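Below is one structure, written out as structure tokens; the observations come after it.
The values are calculated or read from the model by the stated rules, or taken from the named source; none is laboratory data. Since this is a predicted model, take the numbers as computed values, not measurements. Please note: Cβ atoms are built from the backbone with ideal geometry, for glycine as well, and neighbour counts cover all protein chains shown.
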Amino acid sequence: MGFFDKLKKITTNLFSGFTEADEAFFEELEETLILADLGMDTAVEAVEELRRRVRREHLRDQEEVRGALRDILAEKMDVGEQGLDLSTTPSVILFIGVNGVGKTTSIGKVGYQLRQEGKRVLLCAADTFRAAAADQLQIWAERAGCELVRQHEGADPGAVLFDALQAAKARNVDVVLCDTAGRLHNKANLMAELAKLSKIIDRECPGAARETLLVLDATTGQNGLIQARTFQETAGLTGIVLTKLDGTAKGGIAVAIARELNVPVKLVGMGEGIDDLKPFDAREYVEAII
Ligand SMILES: Nc1nc2c(ncn2[C@@H]2O[C@H](COP(=O)(O)OP(=O)(O)O)[C@@H](O)[C@H]2O)c(=O)[nH]1
Ligand SMILES: [Mg+2]
């Protein structure tokens, strides 16, 4: 079962008992959306807008109301370009996020997809905090047919990235995918390190197309949003990779993220395999959940 099929259930029951868009319906809808992980603020706001639209446009039947709700949610998710900017050679994508969310795995998957498109891809093992991290990235590099730049455990992540960018320029690499640590001694250290990596890219590849993608585990629901705010403040995100949507995640978090952070979800992870990554399409998504 595909990702969008899984999501289809969210409001099915609600609409199956639909008779009219009365107060009871709106209340139940709000509750359903909160349970689906849209978060309180986003759910309340969406239902309020729907109330207004139903009144103003005299919407009556189920299909009209459903269509209006789809439009409202799609508008909330319309916060920027959903594709990756790979317009220069090299382009550089930093993957950031806390431990265990799926950064390394997502890099492997993105690398594989770019290879399928014929691009030359280099993975940069700038998570030097744990020895296993570079080993794991190396396995993905082999699987995906990507090049790899790594150093020893505990190496300066900035030095690894510097090497990777030099190699990319010398070898005419199309895309550099940079892994980063999810945990350091404390949060301030982690944020300082991300800022430093960003400066190295500015200096070594000025004018390069860049993405800073925050990887979020969808099963953590509203907690993911709290993490995301911290990263957004310091790292300046260009997009979200929402992982583990194949698990128990209800999926509504994608709407909450776009609305609260004003950052588009660009990719969704739906499993541990190399092929389990999909570009995110807000319209398709909204049609699947509503
Ligand atoms: N089910 C599922 N598991 C995932 C997905 N993405 C990553 N994982 C798993 O989550 C765990 C942590 O992933 P990893 O890439 O090491 O996270 P990192 O610490 O952020 O680099 C691994 O067991 C992955 O196989 C996904 O989309 N779906
Ligand atoms: Mg990792």
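Summary table
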| item | result |
| --- | --- |
| Cross-chain or 6+ apart pairs with Cβ under 9 Å, the range 88-109 first and on the phi > 0 side of the Ramachandran plot, then within 9 Å of ligand 2 (Cβ to nearest atom) and not aliphatic (A, V, I, L, M) | G97/K103; G97/T180; G97/G182; G100/G182 |
| Residue identified as at pLDDT below 90 and farther than 30 Å from D41 by Cβ among H152, H185 | H185 |
| Residue check, L114 hydrophobic (A, V, I, L, M, F, W, C), more than 10 Å from ligand 2 (Cβ to nearest atom) and crowded, with 21+ Cβ neighbours inside 10 Å | yes |
| Filter pass, G182 being within 16 Å of ligand 2 (Cβ to nearest atom), small (G, A, S), touching a residue at least 60 places away in the same chain (Cβ under 8 Å) and not in a helix (DSSP H, G or I) | yes |
| Residue satisfying all of: in the range 14-34; over 32 Å from the mean Cα position of the chain (by Cα) and among the small types (G, A, S); modelled with the lowest pLDDT among these | G17 |
| Scope the range 95-111; condition within 11 Å of ligand 2 (Cβ to nearest atom), in a helix (DSSP H, G or I) and within 18 Å of G247 (Cβ to Cβ); matching residues | K103, T104, T105, S106 |
| From the options V215, V176, residue that is more than 16 Å from ligand 2 (Cβ to nearest atom) and not in a helix (DSSP H, G or I) | V176 |
| Index of the failed condition, L190 passing every other in (1) crowded, with 16+ Cβ neighbours inside 10 Å; (2) closer than 23 Å to K109 by Cβ; (3) of a type outside the set (S, T, N, Q) | (2) |
| Flag if A170 is in a helix (DSSP H, G or I), assigned by TED's automatic domain parsing to the domain that holds K109 and either touching a Gly at 6+ places or on another chain (Cβ under 6 Å) or more than 16 Å from ligand 2 (Cβ to nearest atom) (or both) | yes |
| Matching entry among I289, I274 (being in contact (Cβ under 8 Å) with a residue 40 or more places away in the chain and surrounded by fewer than 17 Cβ atoms within 10 Å (Cβ to Cβ)) | I274 |
| Conditions (1) away from ligand 1 (no atom under 14 Å from the Cβ); (2) outside any loop (DSSP other than H, G, I, E, B); (3) not charged (D, E, K, R); number of the one not met by V268 | (1) |
| Cross-chain or 6+ apart pairs with Cβ under 7 Å, the range 64-84 first and acidic (D, E), then modelled with pLDDT of 90 or more | E81/P264 |
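Yes or no, residue by residue, for (1) at pLDDT below 90; (2) over 16 Å from V92 (Cβ atoms):
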{"position": "Q222", "(1), (2)": "yes, yes"}
{"position": "I226", "(1), (2)": "yes, yes"}
{"position": "A235", "(1), (2)": "yes, no"}
{"position": "L242", "(1), (2)": "no, yes"}
{"position": "E260", "(1), (2)": "yes, yes"}
{"position": "D276", "(1), (2)": "no, yes"}
{"position": "V286", "(1), (2)": "yes, yes"}
